[in-house]
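Structure, as structure tokens:
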Amino acid sequence: MSGGSYYVPATSKWPVLGSLALGVMMIGTGMVLVHGRGTLITLVGLVGVIAVMALWFRDVVVESRSGLYDAQMDRSFRWGMGWFIFSEVMFFAAFFGALFYVRTFAVPWLGGEGTKGATALLWPEFTAHWPLLSPPDSSIAGPTQVFSPWHLPLVNTLILVSSSITLTVAHEALKEGKRKICRNWLAGTVLLGLTFIVIQGVEYYEAYAHYGITLQAGIYGATFFILTGFHGVHVIVGTLILIVMLFRVMRYHFSPEDHFGFEASCWYWHFVDVVWVGLFLFVYVF
């Protein structure tokens with residue numbers, strides 16, 4: 001190619017192995033949800049996904065540190081990360097769309113809006129309001145109450161918003177060559193991410209033990225755990241990525257001019273934070 005270079009990455013086995021590991025994990029998860037068995041398969045798949053991520057990261061870091069990437073590759077990485085985040089936007093848009101449909105159309109229909117709904121025939125006292133709570137002495141599984149958004153959900157919201165601020169400070173410090181400041185603020189971001197994960201675990205325990213909210217507890221339980229659960233997985237992945245970035249910063253892998261790996265992790269983390277704000281508003285508050 002005249003006037004420049006074009007780097008073609010070497011053949012990689014990681015996309016295939018990553019897809020297989022993810023498939024095993026999803027099969028195991030499906031078995032757990034349907035039959036209550038398959039935890040071991042899920043864990044094997046999860047370990048495989050984490051191993052592939054680690055080894056794939058290693059190869060990319062080695063290629064970058066070897067000077068194989070140029071401006072053209074930088075543009076390719078930016079476009080690739082942009083399209084990846086767009087796919088994530090569409091992923092969550094589908095679940096937010098399902099929540100909107102259930103709340104706006106399905107629940108009023110079940111309550112008898114326009115015609116006598118099936119649920120209203122079974123529960124004369126039923127009112128078409130979200131969420132659907134189980135009537136007293138009902139044999140139909142459902143949550144008995146819902147979370148107050150102003151306790152654990154609000155705390156987690158403040159944590160994630162704060163983490164975006166600390167990560168931005170770390171990024172700006174890296175661009176100015178202030179590596180120590182970058183390291184400290186990035187470590188704070190990792191700590192906030194880990195705190196969010198722990199608090200969400202406590203919230204899930206409270207949901208199961210005290211609120212009757214499970215995946216089998218009607219449409220409210222299903223949408224609650226699918227939306228918050230998938231987001232939680234993204235927070236875990238994002239935290240792992242930030243931990244990798246922290247170790248790379250400590251090993252002097254980035255410079256003010258060349259640090260797209262760090263920048264891409266910032267894009268991903270800010271996206272995860274924005275999704276949580278939407279979850280907080282439409283799952284907990286409204």
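The values are calculated or read from the model by the stated rules, or taken from the named source; none is laboratory data. What you are looking at is a predicted structure, and each value in this text was computed from that prediction instead of being measured. Note that each Cβ is placed from the backbone with ideal geometry, even for glycine, and that neighbours are counted across all protein chains shown. Just so you know, the surface numbers come from the protein's heavy atoms only, side chains and all, with ligands and any DNA or RNA stripped out. Shrake-Rupley method; radii C 1.70, N 1.55, O 1.52, S 1.80 Å.
Annotations for the structure displayed:
- Contour excess over end-to-end distance, with Cα ends at Leu194 and Leu22 and 0.36 nm allotted per residue: 59.6 nm
- The stretch 57-99 and the stretch 161-184 have Cα centres separated by 21 Å.
- Global form of the stretch 5-77, assessed from the alpha-carbon gyration tensor, a/c cut-off 1.5: prolate
- Under the simplified labelling scheme, the His210-Phe57 pair shows an inter-label distance of 3.5 nm, with each label point 7 Å from Cα along Cα→Cβ.
- The calculated Kirkwood hydrodynamic radius for the stretch 218-267 is 12.7 Å, given to one decimal from all distinct C-alpha pairs.
- Once all protein chains are placed together, Ile226 keeps about 60 Å² accessible to a 1.4 angstrom probe.
- Proximal charge balance of Ile181 [Cβ under 13 Å; K/R count +1, D/E count -1]: +3
- Residue-level accessible surface for Trp185, protein heavy atoms, 1.4 Å, Å²: 110 Å²
- Zone residues, the stretch 11-31, relative to Val44, backbone N less than 12 Å from point 7 Å out along Cα-to-Cβ: 21, 24-25, 27-28
- Estimated FRET transfer efficiency (Val89, Lys180; beta-carbon r; R0 25 Å; 0.05): 0.10
- Within the accessible area of the stretch 231-286 (1.4 Å probe), percent carbon and sulfur: 74 percent
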